[in-house]
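A.B. asks: Got a structure for you, questions after.
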Amino acid sequence: MNTNSDPRSCVVNTVSNDAVPNHGAVGESGHLVQFYDNSALLEATVARFIGDALEAGSSGLVIATKAHVAGIEEGLRRRGIDVTGAAARGQYVTYDAAATLAAFMRAERPDPQRFTEVVGSIVTAAAGRSRTAPRIFGEMVALLCAEGNREAAVHLEELWNDLAKRQPFSLLCAYPMRCFATAQHRDGFREVCDLHERVIPADSYTALVGSDDRLREIAILQQKAAALEAELADRQKIEDRLDELFRAERRAREEAEAANRGKDQFLATLSHELRTPLTSILGWVRMLQAGNLDAQRTAHALAVIERSTQVQIRLIEDLLDVSRIINGNLVLDWGTVDLADEIATTVEALRPTAHAKNLEIKVAVDCAVGVVRGDRHRCRQVISNVISNAVKYTPSGGRIEVTLERVGHESARIAVRDTGVGIPPGFLPHVFDRYTQAKRGAGDVNTGLGLGLSIARHLVELHGGTIRVDSPGEGRGATFTIDLPLAGERDDEGAAESPIPDRDPRRHTTRAA
């Protein structure tokens, strides 16, 4: 009956010799790793590993914590080994793991040169006092792992392997299983195993004596592993879905924030665009009311008031069109439309604005294109919006080309090319967005609400056509291309009562002068 009152000794006594793994013959070189669940089995394992070497006349070197050193020496004494005598002869040597580790660590990583100087000299000295390759137990890697510095632990294992190429020894490392307690540690656990020639499982397996018990435990562990892999796969799917939802939420939030900024910018622009003509109207009205204007100044005042009123009307019409588009209430008055006539009318209307900027407008129309089926007013609005945009973004002295041609047998194509400020590649996808405007030249201030091109695109699509924009880049102009389906034979017959007037088939050029 054991009367030792030390609880630690009582635990050690419960460890069966069969539960302690065999580490091979004394004198063999090798690098082993022991995983353990409790210190009792670890201390018994190391006592057997070192004790076999001491009994065979070889050296035993222990680099461990003070608590483990005490437990190991207790196990050696139980085997009848004179620990004190072995230590006096230099056959058995112990070092504190933390102090030894600190001697060669630099910036939280083992320094190879210092490792060789500190540990290499210890191993060489142990080999000089040993009949065969000394046996070494080290748990410095376990200390690094417990600190969460697994990268340094792996590097230290590699340094031990490099040292073994120059000096034969048998090294037993040990890691508590709690260092690899989560699924995230799976790859690190495998890496540690790959750095050792022999892997000894934890005592929950080695404590099993019979082969049937061990096979049963293996089967249970395989089932647990399979279940864990399935659970990890499910969790990964959930994490991927959460990441996807998070990215979607972030995109939605960014879009909402951008929409809010756009709304604020639009309201600021709208207030400015409405206030400017109203201020002009109000100023001239007050001057007229004062009766101090002569006939010439009165005529000028009335002209300014009319132009400002027209600006207000266009702004309000654009806002109403956007509202109709958003609510799906925009209705087309279908008929046949001569695009050549609409281009000529639009260019003539924009002549004063182009003249003010000294812009050249070249018009090349193929009068054999035919007619399209659509709303005459809305088609003119599309053409006017696109050409007005070219006038707006083309600097003084620039050139605008407007062409009309037939594409195949089914489409008419209007192209508006300018030598303006161009469009940055990043802005091209947003040209037709509502409330957006590209930056103009240096010193110029954007005017308008940024609705014209958006309305044009919607109207073109309502007519079954397409509109696109191309630009080589900033300062290199832009080209807007509109394709509209030609009217069919039935549409031509329906338009017979109001025939399209004959046009001069020659192409012509007009300069706003």
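Any read-out appearing in this document is the output of simple, stated calculations on the displayed coordinates, not a laboratory observation. Computed from a prediction, not measured in an experiment: that's the story for all the values here. No Cβ is skipped: glycine too gets one built from the backbone with ideal geometry, and neighbour counts run over all protein chains shown.
A.B. asks: Take every Cα-Cα distance within the stretch 449-491, group them into 5 Å bins from 0 onward, and report for each bin the whole-number percent of pairs it holds.
C.D. replies: Answer for the stretch 449-491: a P(r) of 5, 18, 21, 20, 17, 10, 5, 3, 1, 0 percent.
A.B. asks: A further question follows. Calculate I(q)/I(0) for the stretch 8-209 by the Debye formula, one identical point scatterer on each C-alpha and no solvent, and give its log10 at q = 0.08, 0.14, 0.18 Å⁻¹ to two decimals.
C.D. replies: The computed values of log10 I(q)/I(0) come out as -0.24, -0.77, -1.34.
A.B. asks: To continue, here is another question. I need the phi-derived Karplus couplings for the stretch 140-148: 6.51 cos²θ - 1.76 cosθ + 1.60, θ = phi - 60°, integer Hz, Gly and Pro marked x.
C.D. replies: 5, 5, 5, 5, 5, 5, 5, 7, x
A.B. asks: Where does the charge balance sit around L428 when Lys and Arg score +1, Asp and Glu -1, over other residues with C-beta under 13 Å from its C-beta?
C.D. replies: -1
A.B. asks: Right, here's the next one. When the Karplus curve 6.51 cos²θ - 1.76 cosθ + 1.60 is applied with θ = phi - 60°, which whole-Hz ³J(HN,Hα) does each residue of the stretch 451-460 get, with x for Gly and Pro?
C.D. replies: 10, x, 6, 4, 5, 4, 4, 5, 5, 4
A.B. asks: OK, next. Could you give the spread of the C-alpha atoms of the stretch 88-206 along their three principal axes, from largest to smallest, in whole angstroms?
C.D. replies: Computed over the Cα atoms, the extents are 45, 37, 26 Å.
A.B. asks: Whole Å is fine, so just give me how far the alpha carbon centre of the stretch 29-104 lies from that of the stretch 368-395.
C.D. replies: Here the two parts' Cα centres lie 93 Å apart.
A.B. asks: Scan around I361 for amide H atoms under 5 Å from its own, H built in the peptide plane at 1.01 Å from N, and keep only partners 5 or more places away or cross-chain.
C.D. replies: Those qualifying (amide H under 5 Å, at least 5 residues apart or on another chain) are I400, A512.
A.B. asks: What are the ³J(HN,Hα) couplings of the stretch 44-54, residue after residue, when phi is run through the Karplus curve with 6.51, -1.76, 1.60 and θ = phi - 60°? Round to Hz, x for glycine and proline.
C.D. replies: Going residue by residue, I get 5, 5, 5, 4, 6, 4, 7, x, 4, 5, 5 Hz, with x marking Gly and Pro.
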